[in-house]
Amino acid sequence: MTHPGTLILIMAVAVLAPLLAHGAARRVRVPLVIFEIVLGILIGPDVLGWARHDEVIDTLSELGLSMLIFLAGYEIEFAAIRGDTLRRSVRAWLVSLVLGLGIALALTGMDLSRSVVIGTALTSTALGTVLPILRDSGDLRGRFGTVMMAFGAVGEFAPIIAMAVLLSGRKPGAATVVLAAFAVITAAAVHWALRPHPPWFARIIRTTLHTSGQFAVRFVMLLLVAMLALSYAFGLDVLLGAFAAGLLTRLVFQGAAPESGEEVLGKVEAMGFGFLVPLFFIVTGIDFDLASLLDGGRSLLLLPVFLLLFLVVRGLPVYVLAPRDLDRADRRALTLYSSTCLPLVVAITTIGLDEGALAKGEAAALVGAAMVSVLVFPLLALRVRAKAGKAAAPGGGPAPESEAW
(Lines give C-alpha, C1' and ligand atoms only; values in the text may rest on other atoms or scores of the structure.)
Protein backbone atom coordinates (compact mmCIF):
# COMPACT_ATOMS: atom_id res chain seq x y z
CA MET A 1 0.00 0.00 0.00
CA THR A 2 1.68 3.18 -1.18
CA HIS A 3 -0.70 5.62 0.57
CA PRO A 4 -1.84 4.08 3.90
CA GLY A 5 -2.80 7.54 5.16
CA THR A 6 -5.52 7.79 2.50
CA LEU A 7 -7.21 4.60 3.69
CA ILE A 8 -7.17 5.87 7.28
CA LEU A 9 -8.63 9.17 6.05
CA ILE A 10 -11.34 7.36 4.09
CA MET A 11 -12.36 5.32 7.13
CA ALA A 12 -12.39 8.47 9.28
CA VAL A 13 -14.76 10.03 6.72
CA ALA A 14 -16.86 6.83 6.80
CA VAL A 15 -17.24 7.27 10.58
CA LEU A 16 -17.96 11.00 10.31
CA ALA A 17 -20.63 10.67 7.60
CA PRO A 18 -23.33 8.92 9.70
CA LEU A 19 -22.72 11.38 12.53
CA LEU A 20 -23.43 14.26 10.16
CA ALA A 21 -26.45 12.44 8.72
CA HIS A 22 -27.79 11.85 12.23
CA GLY A 23 -27.34 15.52 13.13
CA ALA A 24 -28.98 16.73 9.93
CA ALA A 25 -31.94 14.38 10.48
CA ARG A 26 -33.29 16.76 13.14
CA ARG A 27 -34.20 19.14 10.31
CA VAL A 28 -34.30 17.03 7.15
CA ARG A 29 -33.38 13.48 6.22
CA VAL A 30 -30.38 13.54 3.91
CA PRO A 31 -29.20 10.25 2.39
CA LEU A 32 -25.95 9.11 3.98
CA VAL A 33 -24.45 8.55 0.54
CA ILE A 34 -24.54 12.32 -0.07
CA PHE A 35 -22.36 12.98 2.97
CA GLU A 36 -19.96 10.22 1.91
CA ILE A 37 -19.55 11.59 -1.61
CA VAL A 38 -19.34 15.24 -0.53
CA LEU A 39 -16.73 14.44 2.12
CA GLY A 40 -14.84 12.46 -0.52
CA ILE A 41 -14.86 15.53 -2.77
CA LEU A 42 -13.63 17.61 0.16
CA ILE A 43 -10.55 15.43 0.79
CA GLY A 44 -9.99 14.89 -2.94
CA PRO A 45 -7.54 16.62 -5.29
CA ASP A 46 -9.88 19.46 -6.30
CA VAL A 47 -10.36 20.79 -2.73
CA LEU A 48 -8.00 19.84 0.11
CA GLY A 49 -5.86 17.42 -1.88
CA TRP A 50 -5.33 15.04 1.05
CA ALA A 51 -6.35 11.77 -0.64
CA ARG A 52 -4.07 9.79 -2.91
CA HIS A 53 -4.97 6.75 -5.01
CA ASP A 54 -3.26 3.39 -4.94
CA GLU A 55 -4.08 -0.12 -6.19
CA VAL A 56 -5.38 -1.34 -2.83
CA ILE A 57 -7.89 1.50 -2.49
CA ASP A 58 -9.06 1.08 -6.08
CA THR A 59 -9.59 -2.67 -5.53
CA LEU A 60 -11.54 -2.10 -2.31
CA SER A 61 -13.67 0.51 -4.06
CA GLU A 62 -14.53 -1.93 -6.85
CA LEU A 63 -15.44 -4.55 -4.23
CA GLY A 64 -17.67 -1.95 -2.57
CA LEU A 65 -19.61 -1.37 -5.79
CA SER A 66 -19.91 -5.13 -6.30
CA MET A 67 -21.20 -5.57 -2.75
CA LEU A 68 -23.78 -2.79 -3.26
CA ILE A 69 -25.12 -4.47 -6.41
CA PHE A 70 -24.98 -7.89 -4.71
CA LEU A 71 -27.17 -6.63 -1.85
CA ALA A 72 -29.60 -5.07 -4.34
CA GLY A 73 -29.84 -8.44 -6.09
CA TYR A 74 -30.45 -10.19 -2.77
CA GLU A 75 -33.34 -7.86 -1.91
CA ILE A 76 -35.32 -8.73 -5.03
CA GLU A 77 -38.14 -11.25 -4.61
CA PHE A 78 -39.12 -12.16 -8.15
CA ALA A 79 -41.89 -14.41 -6.81
CA ALA A 80 -43.65 -11.28 -5.54
CA ILE A 81 -43.21 -9.13 -8.65
CA ARG A 82 -43.97 -11.45 -11.53
CA GLY A 83 -47.00 -11.18 -13.80
CA ASP A 84 -48.47 -7.97 -15.18
CA THR A 85 -46.44 -5.74 -12.84
CA LEU A 86 -43.16 -7.22 -14.03
CA ARG A 87 -44.22 -7.00 -17.68
CA ARG A 88 -45.12 -3.34 -17.24
CA SER A 89 -41.77 -2.60 -15.59
CA VAL A 90 -39.87 -4.25 -18.45
CA ARG A 91 -41.86 -2.33 -21.06
CA ALA A 92 -41.26 0.92 -19.19
CA TRP A 93 -37.51 0.31 -19.16
CA LEU A 94 -37.41 -0.56 -22.88
CA VAL A 95 -39.24 2.71 -23.63
CA SER A 96 -36.69 4.49 -21.42
CA LEU A 97 -33.80 2.93 -23.34
CA VAL A 98 -35.18 3.99 -26.73
CA LEU A 99 -35.98 7.46 -25.40
CA GLY A 100 -32.57 7.79 -23.70
CA LEU A 101 -30.60 6.74 -26.77
CA GLY A 102 -32.64 9.05 -28.99
CA ILE A 103 -32.16 12.09 -26.75
CA ALA A 104 -28.48 11.28 -26.26
CA LEU A 105 -27.95 11.10 -30.03
CA ALA A 106 -29.50 14.56 -30.34
CA LEU A 107 -27.34 15.95 -27.52
CA THR A 108 -24.08 14.52 -28.88
CA GLY A 109 -24.63 15.33 -32.55
CA MET A 110 -25.18 11.65 -33.49
CA ASP A 111 -21.99 10.45 -31.76
CA LEU A 112 -22.94 6.79 -31.25
CA SER A 113 -20.37 5.79 -28.60
CA ARG A 114 -21.11 8.81 -26.37
CA SER A 115 -24.83 8.36 -26.92
CA VAL A 116 -24.73 4.74 -25.76
CA VAL A 117 -22.98 5.73 -22.51
CA ILE A 118 -25.27 8.69 -21.78
CA GLY A 119 -28.46 6.97 -22.95
CA THR A 120 -27.83 3.86 -20.83
CA ALA A 121 -26.98 5.95 -17.75
CA LEU A 122 -30.30 7.78 -18.05
CA THR A 123 -32.28 4.52 -17.70
CA SER A 124 -31.00 3.33 -14.31
CA THR A 125 -32.69 3.19 -10.91
CA ALA A 126 -30.65 3.12 -7.69
CA LEU A 127 -32.65 0.32 -6.07
CA GLY A 128 -29.85 -0.39 -3.60
CA THR A 129 -30.03 3.23 -2.41
CA VAL A 130 -33.84 3.54 -2.50
CA LEU A 131 -34.67 0.28 -0.67
CA PRO A 132 -33.49 1.42 2.79
CA ILE A 133 -35.48 4.64 2.33
CA LEU A 134 -38.60 2.65 1.48
CA ARG A 135 -38.00 0.27 4.37
CA ASP A 136 -37.54 3.09 6.90
CA SER A 137 -40.68 4.94 5.75
CA GLY A 138 -42.83 1.79 5.66
CA ASP A 139 -43.42 2.18 1.92
CA LEU A 140 -41.87 -1.21 1.16
CA ARG A 141 -44.92 -2.99 2.54
CA GLY A 142 -48.12 -3.42 0.58
CA ARG A 143 -48.98 -2.92 -3.06
CA PHE A 144 -46.84 0.20 -3.56
CA GLY A 145 -43.74 -1.61 -2.26
CA THR A 146 -44.33 -4.56 -4.57
CA VAL A 147 -44.67 -2.31 -7.62
CA MET A 148 -41.61 -0.27 -6.63
CA MET A 149 -39.60 -3.48 -6.22
CA ALA A 150 -40.57 -4.55 -9.75
CA PHE A 151 -39.76 -1.24 -11.45
CA GLY A 152 -36.64 -0.76 -9.34
CA ALA A 153 -35.36 -4.28 -9.97
CA VAL A 154 -35.68 -3.86 -13.74
CA GLY A 155 -34.13 -0.39 -13.51
CA GLU A 156 -31.15 -1.90 -11.68
CA PHE A 157 -30.78 -5.13 -13.67
CA ALA A 158 -31.62 -4.08 -17.24
CA PRO A 159 -28.94 -1.34 -17.50
CA ILE A 160 -26.36 -3.93 -16.40
CA ILE A 161 -27.49 -6.15 -19.28
CA ALA A 162 -27.36 -3.15 -21.63
CA MET A 163 -23.83 -2.38 -20.43
CA ALA A 164 -22.81 -5.97 -21.12
CA VAL A 165 -24.17 -5.79 -24.68
CA LEU A 166 -23.52 -2.18 -25.69
CA LEU A 167 -20.40 -1.23 -23.70
CA SER A 168 -18.41 -4.47 -23.86
CA GLY A 169 -16.38 -3.45 -26.90
CA ARG A 170 -17.79 -6.38 -28.89
CA LYS A 171 -20.23 -6.24 -31.76
CA PRO A 172 -23.84 -6.50 -30.45
CA GLY A 173 -24.29 -9.96 -31.98
CA ALA A 174 -21.14 -11.39 -30.39
CA ALA A 175 -21.94 -9.69 -27.07
CA THR A 176 -25.43 -11.22 -27.11
CA VAL A 177 -23.99 -14.71 -27.67
CA VAL A 178 -21.57 -14.26 -24.76
CA LEU A 179 -24.36 -12.93 -22.58
CA ALA A 180 -26.55 -15.92 -23.52
CA ALA A 181 -23.74 -18.31 -22.51
CA PHE A 182 -23.42 -16.51 -19.17
CA ALA A 183 -27.21 -16.72 -18.74
CA VAL A 184 -27.17 -20.49 -19.38
CA ILE A 185 -24.55 -21.04 -16.68
CA THR A 186 -26.43 -18.75 -14.30
CA ALA A 187 -29.67 -20.64 -15.02
CA ALA A 188 -27.89 -23.91 -14.16
CA ALA A 189 -26.75 -22.31 -10.90
CA VAL A 190 -30.33 -21.19 -10.18
CA HIS A 191 -31.54 -24.76 -10.84
CA TRP A 192 -28.96 -26.02 -8.33
CA ALA A 193 -30.00 -23.36 -5.81
CA LEU A 194 -33.66 -24.42 -6.06
CA ARG A 195 -32.91 -28.10 -5.45
CA PRO A 196 -33.37 -29.52 -1.93
CA HIS A 197 -30.11 -29.32 -0.02
CA PRO A 198 -28.90 -32.05 2.34
CA PRO A 199 -29.78 -31.62 6.05
CA TRP A 200 -26.14 -31.11 7.00
CA PHE A 201 -26.07 -27.85 5.00
CA ALA A 202 -28.68 -26.12 7.19
CA ARG A 203 -27.21 -27.73 10.33
CA ILE A 204 -23.69 -26.41 9.73
CA ILE A 205 -25.10 -22.94 8.97
CA ARG A 206 -26.84 -22.91 12.37
CA THR A 207 -23.95 -24.34 14.36
CA THR A 208 -21.30 -22.00 12.92
CA LEU A 209 -23.41 -18.84 12.78
CA HIS A 210 -21.94 -17.55 16.05
CA THR A 211 -18.53 -19.20 15.90
CA SER A 212 -15.30 -18.42 14.10
CA GLY A 213 -16.35 -20.87 11.37
CA GLN A 214 -19.03 -18.55 9.88
CA PHE A 215 -19.80 -21.12 7.16
CA ALA A 216 -22.79 -19.19 5.78
CA VAL A 217 -20.89 -15.90 5.37
CA ARG A 218 -17.95 -17.69 3.75
CA PHE A 219 -20.36 -19.50 1.41
CA VAL A 220 -21.96 -16.17 0.44
CA MET A 221 -18.56 -14.67 -0.32
CA LEU A 222 -17.65 -17.75 -2.39
CA LEU A 223 -20.80 -17.29 -4.48
CA LEU A 224 -20.05 -13.59 -4.96
CA VAL A 225 -16.41 -14.11 -5.95
CA ALA A 226 -17.31 -17.04 -8.24
CA MET A 227 -19.94 -15.02 -10.12
CA LEU A 228 -17.58 -12.03 -10.38
CA ALA A 229 -14.91 -14.33 -11.81
CA LEU A 230 -17.40 -15.87 -14.23
CA SER A 231 -18.51 -12.50 -15.58
CA TYR A 232 -14.86 -11.42 -15.87
CA ALA A 233 -13.99 -14.63 -17.75
CA PHE A 234 -16.80 -13.92 -20.23
CA GLY A 235 -15.62 -10.33 -20.67
CA LEU A 236 -18.80 -8.96 -19.12
CA ASP A 237 -19.08 -6.22 -16.52
CA VAL A 238 -18.55 -7.69 -13.07
CA LEU A 239 -21.69 -5.94 -11.83
CA LEU A 240 -23.70 -8.52 -13.76
CA GLY A 241 -22.00 -11.25 -11.75
CA ALA A 242 -22.57 -9.39 -8.48
CA PHE A 243 -26.28 -9.01 -9.19
CA ALA A 244 -26.62 -12.68 -10.17
CA ALA A 245 -24.78 -13.70 -6.99
CA GLY A 246 -27.30 -11.77 -4.89
CA LEU A 247 -30.22 -13.54 -6.58
CA LEU A 248 -28.56 -16.95 -6.12
CA THR A 249 -27.80 -16.30 -2.46
CA ARG A 250 -31.45 -15.50 -1.69
CA LEU A 251 -32.61 -18.68 -3.46
CA VAL A 252 -30.10 -20.85 -1.61
CA PHE A 253 -31.02 -19.59 1.85
CA GLN A 254 -34.75 -19.53 1.17
CA GLY A 255 -34.59 -23.22 0.31
CA ALA A 256 -31.88 -24.53 2.64
CA ALA A 257 -32.01 -22.40 5.79
CA PRO A 258 -34.89 -19.91 5.78
CA GLU A 259 -34.71 -19.48 9.56
CA SER A 260 -31.09 -18.29 9.32
CA GLY A 261 -31.33 -16.19 6.15
CA GLU A 262 -32.05 -12.83 7.80
CA GLU A 263 -29.24 -13.22 10.32
CA VAL A 264 -26.77 -14.19 7.60
CA LEU A 265 -27.87 -11.19 5.53
CA GLY A 266 -27.33 -8.98 8.56
CA LYS A 267 -23.73 -10.15 8.81
CA VAL A 268 -23.12 -9.59 5.10
CA GLU A 269 -24.76 -6.15 5.27
CA ALA A 270 -22.51 -5.27 8.21
CA MET A 271 -19.48 -6.14 6.08
CA GLY A 272 -20.87 -4.23 3.09
CA PHE A 273 -22.40 -1.11 4.63
CA GLY A 274 -19.87 -1.02 7.44
CA PHE A 275 -16.78 -1.02 5.23
CA LEU A 276 -16.87 -1.70 1.50
CA VAL A 277 -19.91 0.30 0.31
CA PRO A 278 -19.03 3.59 2.08
CA LEU A 279 -15.47 3.21 0.79
CA PHE A 280 -16.84 3.02 -2.76
CA PHE A 281 -18.92 6.19 -2.35
CA ILE A 282 -16.09 8.12 -0.70
CA VAL A 283 -13.69 7.14 -3.49
CA THR A 284 -16.38 8.23 -5.96
CA GLY A 285 -16.23 11.66 -4.31
CA ILE A 286 -12.43 11.69 -4.43
CA ASP A 287 -12.55 10.89 -8.17
CA PHE A 288 -15.31 13.42 -8.88
CA ASP A 289 -14.03 16.03 -11.34
CA LEU A 290 -15.23 19.11 -9.48
CA ALA A 291 -12.86 21.39 -11.39
CA SER A 292 -14.47 20.51 -14.74
CA LEU A 293 -17.91 21.22 -13.31
CA LEU A 294 -16.99 24.51 -11.66
CA ASP A 295 -15.21 25.80 -14.74
CA GLY A 296 -18.69 26.72 -15.92
CA GLY A 297 -19.77 26.53 -19.52
CA ARG A 298 -21.31 23.40 -21.01
CA SER A 299 -20.53 21.01 -18.11
CA LEU A 300 -22.34 23.12 -15.53
CA LEU A 301 -25.30 23.66 -17.85
CA LEU A 302 -25.56 19.92 -18.48
CA LEU A 303 -26.11 19.09 -14.79
CA PRO A 304 -29.71 20.42 -14.55
CA VAL A 305 -30.35 19.10 -18.07
CA PHE A 306 -29.35 15.57 -17.03
CA LEU A 307 -31.37 15.86 -13.81
CA LEU A 308 -34.45 16.73 -15.85
CA LEU A 309 -33.69 13.91 -18.29
CA PHE A 310 -33.63 11.37 -15.45
CA LEU A 311 -37.26 12.33 -14.84
CA VAL A 312 -38.19 12.42 -18.53
CA VAL A 313 -36.32 9.32 -19.74
CA ARG A 314 -36.74 7.08 -16.71
CA GLY A 315 -39.65 8.62 -14.84
CA LEU A 316 -42.14 9.43 -17.59
CA PRO A 317 -42.43 5.84 -18.96
CA VAL A 318 -42.80 4.59 -15.37
CA TYR A 319 -45.65 7.03 -14.71
CA VAL A 320 -47.44 6.12 -17.94
CA LEU A 321 -47.01 2.33 -17.63
CA ALA A 322 -47.50 1.97 -13.86
CA PRO A 323 -50.28 -0.48 -12.88
CA ARG A 324 -53.72 1.06 -13.11
CA ASP A 325 -54.62 0.26 -9.52
CA LEU A 326 -52.13 2.88 -8.27
CA ASP A 327 -53.63 6.31 -7.63
CA ARG A 328 -52.05 9.56 -8.79
CA ALA A 329 -50.01 10.12 -5.62
CA ASP A 330 -48.54 6.61 -5.79
CA ARG A 331 -47.69 7.04 -9.46
CA ARG A 332 -45.89 10.33 -8.78
CA ALA A 333 -43.94 8.78 -5.89
CA LEU A 334 -43.11 5.76 -8.05
CA THR A 335 -41.85 8.11 -10.78
CA LEU A 336 -39.57 9.97 -8.36
CA TYR A 337 -38.17 6.84 -6.74
CA SER A 338 -37.55 5.20 -10.13
CA SER A 339 -35.73 8.31 -11.38
CA THR A 340 -33.32 8.20 -8.44
CA CYS A 341 -29.93 6.93 -9.59
CA LEU A 342 -26.24 6.96 -8.73
CA PRO A 343 -24.22 3.71 -8.46
CA LEU A 344 -24.81 2.58 -12.04
CA VAL A 345 -24.33 6.11 -13.34
CA VAL A 346 -20.91 6.10 -11.67
CA ALA A 347 -20.11 2.68 -13.14
CA ILE A 348 -21.30 3.57 -16.65
CA THR A 349 -19.50 6.92 -16.75
CA THR A 350 -16.33 5.22 -15.48
CA ILE A 351 -16.50 2.78 -18.41
CA GLY A 352 -17.17 5.68 -20.78
CA LEU A 353 -14.12 7.57 -19.49
CA ASP A 354 -11.90 4.48 -19.67
CA GLU A 355 -12.90 3.89 -23.30
CA GLY A 356 -12.53 7.58 -24.22
CA ALA A 357 -16.19 7.77 -25.22
CA LEU A 358 -17.10 10.41 -22.66
CA ALA A 359 -15.52 13.76 -21.80
CA LYS A 360 -14.62 14.48 -18.16
CA GLY A 361 -17.05 17.38 -18.02
CA GLU A 362 -19.95 15.25 -19.27
CA ALA A 363 -19.11 12.52 -16.76
CA ALA A 364 -18.97 15.08 -13.92
CA ALA A 365 -22.33 16.53 -14.98
CA LEU A 366 -23.95 13.06 -15.10
CA VAL A 367 -22.60 12.02 -11.70
CA GLY A 368 -23.46 15.44 -10.24
CA ALA A 369 -27.03 15.17 -11.49
CA ALA A 370 -27.27 11.63 -10.09
CA MET A 371 -26.08 12.92 -6.71
CA VAL A 372 -28.78 15.59 -6.76
CA SER A 373 -31.37 12.94 -7.71
CA VAL A 374 -30.43 10.88 -4.64
CA LEU A 375 -30.77 13.96 -2.44
CA VAL A 376 -33.96 15.42 -3.90
CA PHE A 377 -36.18 12.78 -5.53
CA PRO A 378 -36.68 10.42 -2.53
CA LEU A 379 -37.47 13.38 -0.27
CA LEU A 380 -40.07 14.61 -2.76
CA ALA A 381 -41.51 11.09 -3.05
CA LEU A 382 -41.83 10.84 0.73
CA ARG A 383 -43.64 14.18 0.82
CA VAL A 384 -45.99 13.15 -1.99
CA ARG A 385 -47.07 10.05 -0.07
CA ALA A 386 -47.18 11.93 3.22
CA LYS A 387 -49.56 14.53 1.76
CA ALA A 388 -51.74 11.67 0.53
CA GLY A 389 -51.77 10.25 4.08
CA LYS A 390 -49.81 7.14 3.13
CA ALA A 391 -46.46 7.65 4.88
CA ALA A 392 -44.86 9.62 7.67
CA ALA A 393 -43.68 13.08 6.63
CA PRO A 394 -39.91 13.09 6.19
CA GLY A 395 -39.39 15.99 8.56
CA GLY A 396 -41.96 14.93 11.09
CA GLY A 397 -39.67 13.46 13.69
CA PRO A 398 -36.41 11.69 14.24
CA ALA A 399 -35.45 9.77 11.15
CA PRO A 400 -34.87 6.05 11.37
CA GLU A 401 -31.23 5.27 10.91
CA SER A 402 -30.01 3.18 7.99
CA GLU A 403 -26.57 2.43 6.70
CA ALA A 404 -27.53 3.39 3.16
CA TRP A 405 -28.86 6.81 4.18
Taking K and R as +1 and D and E as -1, what net charge do the other residues with C-beta under 15 Å from the C-beta of residue 213 add up to?
+3
How much net charge surrounds residue 376 when only the other residues with a Cβ under 13 Å from the Cβ of residue 376 are counted, with Lys and Arg +1 and Asp and Glu -1?
+2
Hey, what's the per residue convex hull volume over the C-alpha atoms of the range 23-174, in cubic angstrom?
179 Å³
How much of residue 267 can a 1.4 Å solvent probe reach, expressed as accessible area in Å² and rounded to 10?
60 Å²
Sticking with the crude label model, points 7 Å out along Cα→Cβ, report the distance from residue 214 to residue 328 in nm, one decimal please.
5.2 nm
Could you tell me the calculated FRET efficiency between residue 197 and residue 55, based on Cβ-Cβ distance and R0 = 45 angstrom, to the nearest 0.05?
0.70
Taking the Cβ of residue 243 as the center, what net charge do the other residues with Cβ under 12 Å away carry, scoring Lys and Arg +1 and Asp and Glu -1?
-2
Testing the spin-label approximation: label points 7 Å from Cα along Cα→Cβ at residue 135 and residue 305. State their distance in nm.
3.8 nm
Ranked highest first by the average count of other Cβ atoms within 10 Å around their residues, in what order do 354-360, 309-315, 198-204, 66-72 fall?
66-72, 309-315, 354-360, 198-204
50, 192, 93, ranked by accessible area, largest first (probe 1.4 Å)
50, 192, 93
Show me, bin by bin at 10 Å from 0, the whole-percent P(r) of the chain based on Cα pairs.
5, 22, 33, 28, 11, 1, 0
With a 1.4 Å probe and all protein chains left in place, how much of the accessible area of the range 240-320 comes from carbon and sulfur atoms, in whole percent?
69 percent
For the pair residue 16 and residue 376, how long in nm is the line joining their label points, each one 7 Å along Cα→Cβ?
2.7 nm
Sort out for me the Cα centre separation of the range 58-123 from the range 209-231, rounded to whole Å.
27 Å
Using only alpha carbons, build the gyration tensor for the range 267-337 and give me the equivalent ellipsoid semi-axes, biggest first, whole Å.
30, 25, 7
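The values are calculated or read from the model by the stated rules, or taken from the named source; none is laboratory data. What you see is a predicted model; the values in this text were computed from it and never measured. Cβ: placed from backbone, ideal geometry, glycine included. Neighbour counts: every protein chain shown. In case anyone asks, the SASA skips ligands and DNA or RNA and just uses the protein heavy atoms, side chains included. Shrake-Rupley method; radii C 1.70, N 1.55, O 1.52, S 1.80 Å.
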